[in-house]
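Worksheet for the structure shown next.
The values are calculated or read from the model by the stated rules, or taken from the named source; none is laboratory data. As the structure is a prediction and not an experimental result, all values here were calculated from the model. Neighbour counts run over all protein chains shown; Cβ positions are idealised from the backbone, glycine included. Please note that ligands, DNA and RNA were not included when accessible areas were found on the heavy atoms of the full protein model with its side chains. Shrake-Rupley method; radii C 1.70, N 1.55, O 1.52, S 1.80 Å.
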Amino acid sequence: MDIYVCIDFFVEYSLKSELERLFGKFDISLNFPDKPKMGTEVYLQVPIRLNGKVGIDTISYITSHLKKEYQISCGESFSCRFNYLDFERLPFFRLVSTGNSSKAFLEHKKDGIKWKTICPSCGIQEKVQTSPLVMDTSKVGDRYMVNVGVDYWVVSEKMAYLMKEWEITGYELREVIHSGKKPAQPVFQVIPTNVLPSWSSEMKHYYFITEPEERCQTCNIRGRIDYPYHYNKRDLEQYPIKDINIMKELKSNGSWAYRPVFLSKRFRDLLIENGITREVINRDDNNYKSRDWLFEPVVIIE
C-alpha cells in the first residue's frame, strides 16, 4: 500500500529548470509537459509518495515556496494505491463505489430527511432519516446496488434475493418509495445493523496543507482525510464483524458528515464469483469499468 499526495498547478514553462531543481532536492521528478505552441503556461501534476524521505513537512515546504517565490497556488489531492497482497487475508473492506459511472450514484428526494448540526464551531451536519427513502426507483435499472445521496445504499430486487440466498448478515431492508415519471421498480434500502468498534489509535489522517481553513479543530471531522482504516484485532474479537457493517465514527464528504459502510471478504468474494463485479484493486486501474465495485482494504493491527 502506497500513500500519495498530488499537488497540481499552472506554471510558466520558462520556470522548468528552476522547478526541476526545487523538486530534485527531495528526489521528486517532474513530468513537465512539452513547450506549448500557444501561450506560455503549462499544467503540472506532481504525485508525491509519502514515505520515509518525503513527508508532510516536505509538501508544506514545497507549496509555501511555490507561493512565496513564484506566486503559484497549488491544488491538492490525496489517494492510496493498493496491491493484491493488501486484499488477500483481510476480513473486511470499505465499500467505495458500485460502479465507475454516474449511474451508480443517484439522488434522493428531500422527503423524510432532516439535518442535524453536530459541530457548533464549523456547522457541519449529518442527515437524519425519519421515514422511508424517496427516489426515482426506475433509475436503478438493472444494477444490483447503487449509492444514493452518499449516505445510503439501495439494492434491486434481484440483489435482495441474492443477499438472502447467500445468508448475508448485518443488515435490514426497507422498501424505497418511488417518485418519478417512469414506472416504479421494487428497490430496497440497505440498513446496516452492525456498528464497528472504534478505529485503532494507529489510524492516520491527512489535512490539506493548501486549505488550512477547511480543518475544524473542534470536531475533527470537517477537513479530515482518512488513511485506509485501521482496526485492532482484539477489538474485532469483542465486536465481531458481519457481512455488512457501518463505521462508528463520522467522516466528511466535503459538505456533510456520514458513516461509511464496510463489507466482509466473504461478501466481496461472492460478488466476484458470481460475476457482479470483477476484481478491481485501484480506482485508476484500466479494468475498472462502469459496473465494477471498488473496495478499500482495512488494516488489522495485531
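Under a GNM of the chain (C-alpha, springs under 10 Å), which listed residue has the highest mean-square fluctuation: Q238, Q45, Q185?
It is Q238.
In whole percent, what relative contact order does the chain give with Cα contacts below 8 Å and a gap of six or more residues?
So the answer I get is 20 percent.
Got a sec? What order do S201, S264, S179 fall in by accessible area at 1.4 Å, biggest, i.e. largest, first?
Largest to smallest exposure gives the sequence S201, S179, S264.
Cysteines of the chain lacking any other cysteine beta carbon under 4.7 Å?
So far as the 4.7 Å Cβ criterion goes, C6, C74, C80 stand without a partner in the chain.
Taking the dipole about the Cα centre of the chain, with the C-beta of Lys and Arg at +1 and of Asp and Glu at -1, give me whichever of G141, Y207, F267 is farthest to the positive side.
Most positive-ward Cα: G141.
Suppose every K and R has +1 on its Cβ and every D and E has -1 on its Cβ; what is the size of the dipole of the chain about the Cα centre, in Debye to the nearest 20?
I would put it at about 580 debye.
Of K181/K265; K110/K158; K114/K248; K127/K233; K16/K53, which pairs sit farther than 29 Å apart, going by alpha carbon to alpha carbon?
Flagged as over cut-off: K181/K265; K127/K233.
What share of the DSSP beta bridges in the chain is antiparallel, in percent to the nearest 5?
Given both bridge residues lie in the chain, the antiparallel proportion sits at roughly 85 percent.
Share of segment 2-81's accessible area from carbon and sulfur, percent, 1.4 Å?
47 percent
Using θ = phi - 60° and the Karplus curve 6.51 cos²θ - 1.76 cosθ + 1.60, what whole-Hz ³J(HN,Hα) does each residue of segment 27-41 get, with Gly and Pro shown as x?
In residue order, the calculated couplings are 6, 10, 8, 10, 9, 6, x, 5, 4, x, 6, 10, x, 10, 9 Hz.
Given the options F188, A257, I221, identify the residue whose Cα lies farthest towards the positive end of the charge dipole of the chain (+1 on Cβ of Lys, Arg; -1 on Cβ of Asp, Glu).
F188
Keeping every protein chain in place, order D284, D243 by accessible area at 1.4 Å, biggest value first, i.e. largest first.
Highest to lowest solvent-accessible surface, that is D284, D243.
Report the residue, chosen from L106, L66, L15, that carries the largest GNM mean-square fluctuation when the chain is represented by alpha-carbon nodes joined by springs under 10 Å.
L15
Considering only protein heavy atoms, what per residue accessible area in square angstrom results for segment 215-302 with a 1.4 angstrom probe?
Using a 1.4 Å probe on heavy atoms only, each residue of segment 215-302 averages 47 Å².
Please work out the Cα center distance from segment 1-28 to segment 174-244, rounded to the nearest Å.
33 Å
I'd like to know how segment 2-81 sits against the 2.2 N^0.38 Å rule of thumb: what's its Cα Rg over that expected value?
That ratio works out to 1.08.
Once the other residues with Cβ under 11 Å from the Cβ of P260 are scored (Lys, Arg +1; Asp, Glu -1), what is the net sum?
Spelling it out: positives minus negatives among the neighbours equals 0.
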